[in-house]
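*Asks:* Before anything else, here's the structure in question.
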Amino acid sequence: MSGYADHSDALDPKYGDPFPVPIVMATEETLKGYGTIVTNFDETKVEITPWPVKGWRPLFPGTGDRGGEISGEFLYKWTGEYCTALNKAVDGDYVTGRLPGNVSPNNRSHVLVREANYHPDGGQVFFPTKKEPFVALLALPGDDIKLEDFVAFYFDGSFGFQIHADIWHQPLYPVSDEAVFLGKQGAVHACVVVDTAKEFGKYLLVPLTPPEK
């Protein structure tokens, strides 16, 4: 899973200028292919991917998708120049990004990010408890991921969302100092990870402010 890479070297000149990620407003239209809007957390079921078969014979109906789901609060907090996240559903404790050298903790406009992951076993639901804005870093499926595939989505906080299985993502980035989300996902919790600093020698520069109209 992502969130375990060392961000302490994010300002090292060896990485050059970070790769700028575009940002769009999160709407039902812009999220097509990435996931779906969630307005009722309790009534939303996690999308579970059936177990992959190895031959031409199909799964017997009603089997291969009984791993179930797990749920728990997802806590986010800015601590100085670092963004941290705690996923109680899977006992995950992460550092998910660091502010650029020219960005103050009092005016967070961007965050440097080097990781993303996807879950082949199912979707993941994020739902803000205080309806405050947040940013999600996403990319469409494919192991041959490129820096230019990433897109940041600015959510106004009025709804949550569920990412589909295989969607590249990071834990969310709150606009406020801290945030609490309700979360749930497939219990298998399979993760495939990319580290852009290792693979491409670059950090991603992710905006934290709404796109200009």
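*Asks:* Among the numbered criteria (1) aliphatic (A, V, I, L, M); (2) closer than 25 Å to Gly72 by Cα; (3) surrounded by fewer than 23 Cβ atoms within 10 Å (Cβ to Cβ), which one does Val103 miss?
*Replies:* (2)
*Asks:* Just for the stretch 175-185: of the residues that are touching a Leu at 6+ places or on another chain (Cβ under 9 Å) and surrounded by 20 or more Cβ atoms within 10 Å (Cβ to Cβ), which one is farthest from Pro210 (Cα to Cα)?
*Replies:* Applying the filter and picking the extreme gives Phe181.
*Asks:* Right, something else. Suppose we keep only residues that are touching a residue at least 40 places away in the same chain (Cβ under 8 Å), among the small types (Gly, Ala, Ser) and assigned to a loop (DSSP other than H, G, I, E, B) within the stretch 96-123. Which one would you say is farthest from Gly68 (Cα to Cα)?
*Replies:* So the residue we want is Gly101.
*Asks:* Residue check: is Phe126 in a loop (DSSP other than H, G, I, E, B) and among the aromatic types (Phe, Trp, Tyr)?
*Replies:* No; evaluated as a whole, the condition is false for this residue.
*Asks:* Just give me the residues in the stretch 1-51 being in contact (Cβ under 8 Å) with a residue 24 or more places away in the chain and outside any loop (DSSP other than H, G, I, E, B), in sequence order.
*Replies:* Those that are in contact (Cβ under 8 Å) with a residue 24 or more places away in the chain and outside any loop (DSSP other than H, G, I, E, B): Lys14, Tyr15, Phe19, Pro20, Ile23, Val24, Met25, Gly35, Thr36, Ile37, Val38, Ile48.
*Asks:* Go through the stretch 7-39 and count every residue that is within 27 Å of Gly122 (Cα to Cα) and touching a strand residue (DSSP E or B) at 6+ places or on another chain (Cβ under 9 Å).
*Replies:* Total satisfying the criteria: 16.
*Asks:* Here's another thing I want to ask about it. Being over 22 Å from His119 (Cα atoms), of a type in the set (Ser, Thr, Tyr) and at pLDDT 95 or above is the filter here, so list the residues in the stretch 6-38 that pass it.
*Replies:* Tyr15, Thr27
*Asks:* Another question, then. Here's a check for you: in the stretch 61-79, which residue that is in contact with a Pro (Cβ under 6 Å, 6 or more places away or on another chain) and not hydroxyl-bearing (Ser, Thr, Tyr) is nearest to Val135 (Cα to Cα)?
*Replies:* Asp65
*Asks:* Shifting gears a bit: Picking from Val111, Val90, which residue would you name as being closer than 30 Å to Pro52 by Cα and among the β-branched types (Val, Ile, Thr)?
*Replies:* Going through Val111, Val90 in turn, the sole match is Val90.
*Asks:* In the stretch 186-193, is there at least one residue being buried (at least 20 other Cβ atoms within 10 Å of the Cβ) and in contact (Cβ under 8 Å) with a residue 24 or more places away in the chain?
*Replies:* yes
*Asks:* Still on this structure, I have one more. Return the total of residues in the stretch 56-87 being touching a residue at least 40 places away in the same chain (Cβ under 8 Å) and part of a loop (DSSP other than H, G, I, E, B).
*Replies:* Total meeting the criteria: 2.
*Asks:* Another question, then. Only one of (1) free of Cβ contacts under 8 Å to residues at least 60 places away in the same chain; (2) over 16 Å from Asn117 (Cα atoms) fails for Phe161. Which number is that?
*Replies:* Status for Phe161: all satisfied but (1).
*Asks:* Here's something else I'd like to know. Regarding the stretch 6-13, can at least one residue be identified that is within 25 Å of Phe150 (Cα to Cα), within 18 Å of the chain's Cα centre (by Cα) and surrounded by fewer than 18 Cβ atoms within 10 Å (Cβ to Cβ)?
*Replies:* For the stretch 6-13, residues within 25 Å of Phe150 (Cα to Cα), within 18 Å of the chain's Cα centre (by Cα) and surrounded by fewer than 18 Cβ atoms within 10 Å (Cβ to Cβ): present.
*Asks:* Ok, one more. Could you say which residue among Asp156, Asp166 is touching a Pro at 6+ places or on another chain (Cβ under 6 Å), surrounded by fewer than 20 Cβ atoms within 10 Å (Cβ to Cβ) and over 18 Å from Gly186 (Cβ atoms)?
*Replies:* Asp156
The values are calculated or read from the model by the stated rules, or taken from the named source; none is laboratory data. Please read these numbers as outputs of a predicted model, since none were measured by experiment. Note that each Cβ is placed from the backbone with ideal geometry, even for glycine, and that neighbours are counted across all protein chains shown.
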